[in-house]
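Q: To start, I am sharing the structure in question, which I have written as C-alpha cells.
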Amino acid sequence: MSDTPTLSVTLLGAGQEVGRSCCVLQYRGRTIVCDAGIHPAYSGMASLPFIDDLDWSTVDAILITHFHLDHAAALTYITEKTNFKDGKGKVYMTHPTKALHKFMMQDFLRMSSSSSDALFSPLDMTMSLSSIIPISAHQVITPCPGVTFTPYHAGHVLGACMFLIDIYGLRILYTGDYSREEDRHLVKAEIPPIRPDVLIVESTYGVQSLESRPEKELRFTTLVHSIIRRGGHVLLPQFALGRAQELLLILDEYWKKHPDLHNVPIYYASSLARKSMAVYQTYIHTMNANVRSRFSKRDNPFVFKWVLVNNFNLL
C-alpha cells in the first residue's frame, strides 16, 4: 500500500456476521491485522476470513484479542499457508491467551483431522505456536518503526484484551469481545486513559440490555437446586474454557453454603479440563482483586472443594 494519510479499515470477516473476526488496519505504509478467527458455521476453507484479499507478506503485526476460535483459529493457516512468513510480521497475544490458545488449537485439530477439510497439520500448528510473542497487559510494544500498541484487560475470558494501537500518531482502539461487568474471577474491561481517534468495537450484544450478574447467578443456582431437590440430574453442556470456569466457581461456592448438597457430586468432564485448570491456577495474578486476595490467604478458588475434575469421555 502506498504511503497515504488515509486510514483504511478492511474487514476480512465478522462484518455484519458473528465469526471469523479479522480486521485489517492500513495507514502510512503500515499494516496491522487484529484477530484471525474462523466461522463456526462452516468448515475447511469456507470457515476462513477472506484471506486472499490481503498480501500477507506486507503485514507488520497480527494482534489476537483472545483464544476463542472465532477470533484465533485461522492464525495457524495464515502463518503457515500464506506468504505471511515471507515478510517480517510478528504475532502477539497475552501470556494466558497463548497458553489456552495451544489447548484450543490441539482440540480443534483433533476434531477436524479426520475430515478432508482439515486446514493444517500438527506440524503447522507447532510452528505457528512457536512464532507467537506473549505479552502482558499494559505493556507498550513496538513491532516496527512508527507503530506501538498496548493491551488492556477486556474481561470476557482469561487473557482477553483490547488493543490501543498507535500508527504514526493515529490512535485506534480495537476490541474483541469484552465485558464491563466484573465476574467471579475476571476484572471488567478497562477504559484506556487515552481518547482514541478511531474506535472499532465488538457489538454482538451492543443493543441489548442483559440482566445483572447477581440476577443471572440467582436464577441459575435456584434452578439447579430445584432440580436436585426433586431427584433430578443437571447436565450443563459448556465449552471447556471460559464460561465453564465461571460456572464452576459459582457452583462450588453455592455448594459450600448449602450442606444439603454436600453429598451431591459435581463432575466437570472434559478432555481439556485438567490442562486448562493448570493455566487458570498459573495466572491468578491477572484476575480480579477478590481472587488475588483469596489466593494470598492460601485459598485458591480454583482448587475446588465440591467439584471433581475428570479427564474422561462420557460418550
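We did not get these values from a lab; they are worked out from the coordinates using the rules stated. Every value quoted in this text rests on a predicted model; they were computed, and no experiment measured them. Because the Cβ atoms are built from the backbone with ideal geometry, glycine has one as well, and the counts that use them run over all protein chains shown.
Q: How far, in nm, would the chain grow between Gln281 and Leu210 when pulled straight, counting 0.36 nm per residue and subtracting the alpha carbon separation?
A: 22.6 nm
Q: Note down the net charge around Gly19, summing +1 for each Lys or Arg and -1 for each Asp or Glu among other residues with Cβ under 14 Å from its Cβ.
A: Numbers: positive: Arg20; negative: Glu17, Asp35, Asp70, Asp177, Glu202.
Result for the local shell: -4.
Q: Using a 10 Å cut-off on Cβ atoms, rank the peptides 210-220, 136-146 from the highest mean neighbour count down.
A: In decreasing order of mean packing, 210-220, 136-146 become 136-146, 210-220.
Q: In percent, what relative contact order does the range 167-264 have, based on Cα pairs under 8 Å that are 6 or more apart in sequence?
A: 24
Q: Follow-up question, since we're still on this one. Provide the FRET efficiency to the nearest 0.05 for the Arg274-Val201 pair, computing r from the beta carbons and using R0 = 30 Å.
A: Rounded to the nearest 0.05, the efficiency is 0.25.
Q: How high is the relative contact order of the chain, given as a whole-number percent (alpha carbon pairs under 8 Å, six or more residues apart)?
A: Averaging sequence separation for qualifying contacts and normalising by length gives 11 percent for the chain.
Q: Next question. For the range 162-216 and the range 123-153, compute the distance between their C-alpha centroids and round to whole Å.
A: Using only Cα atoms, the two centres lie 19 Å from each other.
Q: Further question on the same structure: How much of the calculated P(r) for the range 48-182 lies past 25 Å, in percent of all Cα pairs?
A: 26
Q: So, in Å, what gap is there between the alpha-carbon centers of the range 271-296 and the range 233-269?
A: Here the answer is 16 Å between Cα centres.
Q: Suppose each label sits 7 Å from its Cα in the direction of the beta carbon; what would the Met111-Arg219 distance come out to in nanometres?
A: Modelled inter-label distance: 2.6 nm.
Q: Here's a follow-up. So what is the calculated 222 nm ellipticity per residue for the chain, using -39500 (n - 2.57) for each DSSP H run with n of 4 or more, over all residues, to the nearest 500 deg cm²/dmol?
A: That calculation yields -8500 deg cm²/dmol at 222 nm.
Q: Taking the mean number of other Cβ atoms within 10 Å as a proxy for protection, how do you rank 64-72, 78-86 from highest to lowest?
A: The peptides rank, most packed first, as 64-72, 78-86.
Q: Return the label of the correct value of P(r) over Cα pairs in 20 Å bins from 0, in percent, as calculated from the structure shown, out of [x] 29, 44, 18, 8, 1; [y] 30, 52, 19, 0; [z] 31, 55, 14, 0.
A: Read-out taken from this structure: [z].
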